[in-house]
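Peer 1: Okay, here's the structure, questions in a sec.
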Amino acid sequence: MKYEVIIFDADETLFDFKKSERESLKNTMHEFNIEYDENFHLKVYKDINTAIWKELEDGLITQKELKVERFKRLSRSLNAEFDEIQFAKSYMKHLSYASFLYDESIALVESLSKDYRLTIITNGLTDVQENRIRKSIIGKYFDDIVISEEVQVSKPDSKIFEHALNNIKYTDKSKVLMVGDSLTSDIQGGINFGIDTCWFNPKKIENKIEIKPTYEISSLVELKDILEK
């Protein structure tokens with residue numbers, strides 16, 4: 001086999017994070033007695049959240065700061081008064097129980113686990129990802145699950161990949177493949193670490209940046225075709 005270890009991203013690769021985000025924001029807004037308009041509120045929040053996680057990738061903010069800062073920005077954007085710290089705690093509580101897998105994920109991971117060593121690297125918050133990912137029905141198939149807040153380093157920093165391989169006592173980078181949906185986080189991180197990468201691109205978005213994955217797939221099933229070549 002060309003590869004022996006497969007590193008997966010979690011959200012928007014194996015897990016439907018958009019659904020988790022949507023449900024969690026709705027439940028939190030209701031808890032704070034804010035009249036919720038999904039078409040409006042969700043877009044405002046997603047724009048803020050996307051921007052702030054990019055700041056984390058770029059080293060401009062810590063995960064500890066991120067937890068509350070995104071809701072400070074949301075409060076300002078909505079001109080709504082609420083306790084950002086309590087709002088953040090409520091949101092993370094709801095998010096930690098909002099675990100939704102893509103239809104293809106379970107069968108794929110179960111099948112691959114018979115022939116490959118599997119691990120997950122996720123840029124996420126421990127309290128959230130512990131329930132959503134480690135305790136999910138596919139958690140048992142992974143040798144390890146690395147959560148960025150726990151190890152205090154995030155993708156695309158190569159140190160989190162080094163940490164992941166050290167955890168499973170594996171050293172041969174030539175036999176490791178990174179699979180993820182984010183060019184700037186997953187694919188750039190894999191490139192930084194010197195391993196092959198596979199971009200999961202279900203919407204078939206045109207890649208207009210200089211980050212070039214080794215492979216590109218639009219369905220998780222296609223990953224097996226790459227591995228079997």
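Peer 1: Could you work out how far helix 63-78 tilts from the main Cα principal axis of the chain, as a 0 to 90 degree angle to the nearest 10?
Peer 2: Roughly 40 degrees, rounded to the nearest 10.
Peer 1: What FRET efficiency comes out for Lys140 versus Asn79 if R0 is 35 angstrom and r is the Cβ-Cβ distance? Round to the nearest 0.05.
Peer 2: Working: r = 46 Å, r/R0 = 1.31.
Once the sixth-power term is evaluated, E becomes 0.15.
Peer 1: Let me ask something additional. Once fully extended, how much extra length lies between Lys169 and Lys224, figured as 0.36 nm per residue of separation less the alpha-carbon to alpha-carbon distance?
Peer 2: Once the chain is fully extended between Lys169 and Lys224, it gains 17.4 nm.
Peer 1: Let me ask something else. Mind sorting out which of (1) 13.5; (2) 11.3; (3) 12.1 is the real mean projected area of the Cα convex hull in nm² computed from the coordinates?
Peer 2: Given (1) 13.5; (2) 11.3; (3) 12.1, the structure-derived one carries the label (3).
Peer 1: Please go through the residue pairs Lys46/Lys208; Lys18/Lys175; Lys93/Lys203; Lys43/Lys89 and name each one whose alpha carbons sit more than 27 Å apart in this structure.
Peer 2: Result: Lys18/Lys175; Lys93/Lys203 exceed 27 Å.
Peer 1: Using the heavy atoms of the protein chains and a 1.4 angstrom probe, tell me the accessible area per residue for segment 99-229 in square angstrom.
Peer 2: Result: 49 Å² of accessible area for each residue.
Peer 1: Measure off, as a whole percent, the carbon and sulfur share of the 1.4 Å-probe accessible area of segment 39-149, all protein chains present. List each step's numbers first, then the result.
Peer 2: Working: 2670 of 5520 Å².
Within segment 39-149, the accessible surface is 48 percent carbon and sulfur.
Peer 1: With all pairs of different alpha carbon atoms counted, what Kirkwood hydrodynamic radius in Å does segment 180-229 show?
Peer 2: One decimal place: 11.1 Å for the Kirkwood radius.
Peer 1: Using θ = phi - 60° and the Karplus relation 6.51 cos²θ - 1.76 cosθ + 1.60, list the HN-Hα couplings for segment 79-85 in order, rounded to whole Hz, with x at every Gly or Pro.
Peer 2: Using θ = phi - 60°, the values come out as 6, 10, 9, 8, 6, 4, 5 Hz.
Peer 1: Order of 56-63, 33-40, 90-97, 120-127 by packing, highest average Cβ count within 10 Å first?
Peer 2: On the way: 56-63: 14.4, 33-40: 10.2, 90-97: 19.2, 120-127: 23.4.
Highest mean packing first, the order is 120-127, 90-97, 56-63, 33-40.
Peer 1: Taking amide H atoms as placed 1.01 Å from N in the peptide plane, list the residues 5 or more away in sequence, or in a different chain, whose amide H sits under 5 Å from that of Asp144.
Peer 2: Ile120
Peer 1: Sticking with this structure for a sec: Measuring from centroid to centroid over Cα atoms, what is the spacing of segment 67-109 and segment 19-55 in Å?
Peer 2: 7
The values are calculated or read from the model by the stated rules, or taken from the named source; none is laboratory data. All values reported here derive from a predicted model rather than from experimental measurement. Positions of Cβ are backbone-derived with ideal geometry, glycine not excepted, and every protein chain shown enters the neighbour counts. The area values use the complete protein model at the heavy-atom level, side chains included, leaving out ligands, DNA and RNA. Shrake-Rupley method; radii C 1.70, N 1.55, O 1.52, S 1.80 Å.
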